[in-house]
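Beneath this line is the structure, given in structure tokens, with notes to follow.
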Amino acid sequence: MSYIHGYDPETLREVVDPAECRYRLGEIGPQRSLPALLERVWLLKVLGELDEALTISEQAVRVARMAGTRKDLLRARVLHATVQQYRGAFAAADQELSTCIEESDGQEWTSITAFALQHRGKTRYDAGDYEGARRDFKRLLSLRQEMNAPDDQIEAAMAAVEAVERRRPRSSAAVVAG
């Protein structure tokens, strides 16, 4: 079951039903498996419980480092960076995501590269770096099309490109005329 009911066209953040998310948190409880930790981080993040999300994301990175695969570790690091983004630590999130993109590119793990690009684009968007966000979202769209990703993922990438296009500064001629 997906808890994402769309994306806010202005913030690009997930639209969720808080009651569904809280119910799922209750179901997961104190489980310590890596998938449970990662899901708890995401749920806490979208609910705005950022201090707890940060603590659990750090735990998830440690668990992935000790017992997971390199792919698991990259996913955990990307999720940790998204919590940093939500907390407004854009430079730290951007740096972590950039490192994850480099590593996943080097391994040719396209789905992880796309996941990290999506979140680096959102981080840059939140930070006001619309050119950087546009580059990330365009590359994300290209990767998802090459991967034959589901339509909803391609549409979300297209919507992100459109959102950043609306935010980018207009040419000076348009500013003078407007």
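The values are calculated or read from the model by the stated rules, or taken from the named source; none is laboratory data. Source: prediction; values computed, not measured. Note that we place each Cβ from the backbone using ideal geometry, even for glycine, and neighbour counts take in every protein chain shown. Remember, those area values only see protein heavy atoms, side chains included, never the ligands or the DNA or RNA. Shrake-Rupley method; radii C 1.70, N 1.55, O 1.52, S 1.80 Å.
Restricting the stretch 88-131 to residues that are part of a loop (DSSP other than H, G, I, E, B) and charged (D, E, K, R), which is nearest to Leu73 (Cα to Cα)? Please lay out each step first, then the result.
Restricting attention to the stretch 88-131, the residues satisfying the condition of being part of a loop (DSSP other than H, G, I, E, B) are 88-89, 108-109, 128-129.
After this cut, where a residue has to be charged (D, E, K, R) as well, the list is 108, 129.
Details: Glu108: 15, Asp129: 27 Å.
The selected residue is Glu108.
When we screen Lys122, Lys45 for residues that are within 20 Å of Ala157 (Cβ to Cβ), out of contact with any strand residue (DSSP E or B) (no Cβ under 6 Å at 6 or more places or on another chain) and in contact (Cβ under 8 Å) with a residue 40 or more places away in the chain, the only hit is Lys122.
Looking at this structure, is Ala160 open to solvent by less than 50 Å² (accessible area, probe 1.4 Å), part of a helix (DSSP H, G or I) and within 26 Å of Leu50 (Cα to Cα)? Walk me through how you get there before you give the answer.
On the way: open to solvent by less than 50 Å² (accessible area, probe 1.4 Å): yes; part of a helix (DSSP H, G or I): yes; within 26 Å of Leu50 (Cα to Cα): yes.
For Ala160, the condition - open to solvent by less than 50 Å² (accessible area, probe 1.4 Å), part of a helix (DSSP H, G or I) and within 26 Å of Leu50 (Cα to Cα) - is met.
For the stretch 1-42, name all the residues that are within 16 Å of Asp152 (Cα to Cα) and β-branched (Val, Ile, Thr).
If we filter the stretch 1-42 for residues that are within 16 Å of Asp152 (Cα to Cα), which is where we start, we get 1-9, 12-16.
Residues satisfying the conditions are Ile4, Val15, Val16.
Put simply, of Arg139, Arg70, Arg87, Arg62 the only residue that is in contact with a helix residue (DSSP H, G or I) (Cβ under 9 Å, 6 or more places away or on another chain), of a type in the set (Lys, Arg) and crowded, with 16+ Cβ neighbours inside 10 Å is Arg139.
Considering only residues of the stretch 142-157 that are of a type in the set (A, V, I, L, M) and closer than 17 Å to Arg13 by Cα, which is surrounded by the fewest Cβ atoms within 10 Å (Cβ to Cβ)? Show your work before the answer.
Start the filter on the stretch 142-157 by keeping residues that are of a type in the set (A, V, I, L, M), which leaves 143, 147, 149, 154, 156-157.
From what's left, closer than 17 Å to Arg13 by Cα: 154, 156-157.
Details: Ile154: 16, Ala156: 21, Ala157: 25.
Here the residue is Ile154.
Against the conditions (1) without any contact (Cβ under 8 Å) to a residue 12 or more places away in the chain; (2) among the hydrophobic types (A, V, I, L, M, F, W, C); (3) within 18 Å of Ala160 (Cβ to Cβ), Ala89 satisfies every one except (3).
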